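See structure below.
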Amino acid sequence: MANNFLKISFLLGALAVALGAFGAHALKEMVDEKTIHTYQTGVLYHFFHVVALAIAGLLAGQNAVSWFKRAGYLFIAGIILFSGSLYTMTFFKAASIENMNWIGAITPLGGVSFIAGWLCLFLGVRKMTAS
């Protein structure tokens, strides 16, 4: 699984660059400043957690501590739920699709996934160093 986390992190990293470039160049003409800020938050957290996913993959590849595997899954879930919901809300604003604000309720689930992923990394390192 460790190798898969690395592959996924690299693909998600490429996606983050592409989405960041889109946001920096094309999005300005489609949505207001507040929506751009929301989108940029999604890209920023996406980037941070691609790195966290790669770290989880490297640690999982070197150690049999299951906390690292859990962290990897949680970082993937967080990117999908947190950043994905922010990207989706931006898309709906750009497309002038109304009454889709409920998607914002998904974002905190991604945030909780990110927090849980970091805690799993902590627990994994703690277990690894205690052995």
## Note on the structure
With R₀ set to 22 angstrom, the calculated FRET efficiency between the beta-carbons of His25 and Asn3, to the nearest 0.05, is 0.05
### Query
If you build a Gaussian network model of the chain, linking Cα atoms that sit under 10 Å apart, which residue out of Met100, Met30, Met89 swings the most?
Met100
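If you build the Cα gyration tensor of region 10-131 and take the root of 5 times each eigenvalue, what three semi-axes come out, in whole angstrom, biggest first? Walk me through the numbers before you get to the answer.
Numbers: eigenvalues 207, 42, 16 Å².
The three semi-axes for region 10-131 are 32, 15, 9 Å.
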### Task
List, in order, the whole-Hz ³J(HN,Hα) value for each residue of region 4-19 obtained from phi through the Karplus relation with A = 6.51, B = -1.76, C = 1.60 and θ = phi - 60°; use x for Gly and Pro.
5, 4, 5, 4, 5, 4, 5, 5, 5, x, 4, 5, 4, 5, 4, 5
### Query
In terms of Cα to Cα distance under 25 Å, which lysines are near enough to Lys7, apart from those fewer than 8 places away along the same chain?
Lys69
### Task
Multiply the residue separation of Leu44 and Phe122 by 0.36 nm, subtract the distance between their alpha-carbon atoms, and state the gained length in nm to one decimal.
25.9 nm
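Is it possible to state the helix-based mean residue ellipticity at 222 nm for the chain, with each DSSP H run of 4+ residues giving -39500 (n - 2.57), the sum divided by total residues, to the nearest 500 deg cm²/dmol? What is it? Provide the component values of the computation, followed by the final result.
Details: 5 runs with 102 residues, N = 131.
My calculation for the chain gives -27000 deg cm²/dmol from helical runs alone.
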### Message
Over region 2-130, what is the relative contact order in percent, taking alpha-carbon pairs closer than 8 angstrom and at least six residues apart?
### Response
29
### Message
Quick check: Cα centre of region 1-40 to Cα centre of region 56-124, how many Å?
### Response
14
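Bear in mind these aren't lab numbers, they're just calculated from the coordinates by the rules spelled out. The structure displayed is predicted, hence computed values, not measured ones. Don't worry about glycine lacking a Cβ; one is built from the backbone with ideal geometry, like all the others, and counts go over all protein chains shown.
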